[in-house]
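Notes follow once the structure below has been shown.
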Amino acid sequence: MVEAVAVKYWIIGVLILLACAVALALWLLMRRKQIWSGSIAAHIAFVVTICALILLLRQLAYSVAYDVKSVWVTDKQIDMAAIIAVALLLMWQSFLLINRLTHNQIKKGSDPTSARLISRILKLVIFLMLVLLFGEHFGIGFSGLLAFGGLGGIAIGVAGRDVLSNFFSGAILFFDRPFNIGDWISSPDRQIDGTVAEIGWRSTKIITFDKRPLYVPNALFSTISIENPSRMTNRRINTTIGLRYEDADKVGDVVNDIRIMLKNDMRIDQSKDLLIFFDAFATSSLNIMVYCFTKTTKWAEWLSVQQDIFLKIIEIVHARQADFAFPSQTVFLEKTQD
């Protein structure tokens, strides 16, 4: 009898060690090999191995409880512990696989906002499925879950009004799409100016230009104006050039030269407004308006184009033997007789 019990424990122990070895090998393989880390087959094999390990541990617990005649540990408690372990394992591995697949899709060029929203929806569906699937083992029926959900929904609606408002506002942000992850946004109504890093269920994370994270409740976006410079089609160059009054006879030539220079510049969008006009008699200068749009929307490239155009304008003004005005005053002194 003793030998039979020893053999039983020996067999269970060997199987447990074997399952642990297989699970460890699969875990190391998924961590070190990029191909296997996102493989559904590898995750399924790992889950099956861990489930087998849990069943072996359950059988070991059955045998120990039976052999020692324990009254503190019952078969029902052992089954409940095994079911909880399996449910947590399935949820953990499912969430891990979804995260890896989402990361891979984003790397391939998919929209990060859509990929992350779909990821969250899948996680919520899996959680609800596991609750419905394993809830029966804990005496929670489907009708009971519905009743609890109805009462819980009323309670949450009263107590978590702001949370629900942020949640539905986040859903509206996804469907309306005023901005995506990676867009630069700003608001004239609030001190919001930075790059969208994450759109969550409750709030949106924005990285400001001084690299500080700013968390904005989603509900706020339904009440404020949002600018999205990332979706601009062109960038504008808008400046005023002031020439001296003694160069009044050269203003027309300078205006024509600047207009010709901009029309021949391939970096300027000729389909947009291109306005170069003498437009004001200022206090100390004759002002020329320069207004045009670049094809590029990238800030650094736009600054480079604007700098090049400004340098060319300086060359044009000096080539016409004119110069730029600066604030000045003329004082007339009246000579008095003694």
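The values are calculated or read from the model by the stated rules, or taken from the named source; none is laboratory data. Please read these numbers as outputs of a predicted model, since none were measured by experiment. Note that we place each Cβ from the backbone using ideal geometry, even for glycine, and neighbour counts take in every protein chain shown.
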- Message: Need the failing condition index for I260 against (1) among the aliphatic types (A, V, I, L, M); (2) over 30 Å from N228 (Cβ atoms); (3) not in a helix (DSSP H, G or I), just the number.
- Response: (3)
- Message: So for region 233-241 (the condition being within 30 Å of G170 (Cα to Cα) and surrounded by fewer than 15 Cβ atoms within 10 Å (Cβ to Cβ)), does at least one residue qualify?
- Response: yes
- Those residues of region 202-221 which are loosely packed, with under 15 Cβ neighbours inside 10 Å and not β-branched (V, I, T), in sequence order: F209, D210, K211, R212, P213, Y215
- Among the listed residues N218, N238, which satisfies the condition of being at pLDDT 70 or above, outside the structural domain of H103 (by TED's automatic domain parsing) and touching a helix residue (DSSP H, G or I) at 6+ places or on another chain (Cβ under 6 Å)? N218
- Message: If I ask for residues that are of a type outside the set (D, E, K, R) and surrounded by 13 or more Cβ atoms within 10 Å (Cβ to Cβ), which ones from region 223-232 would you list?
- Response: I226, N228, P229, S230
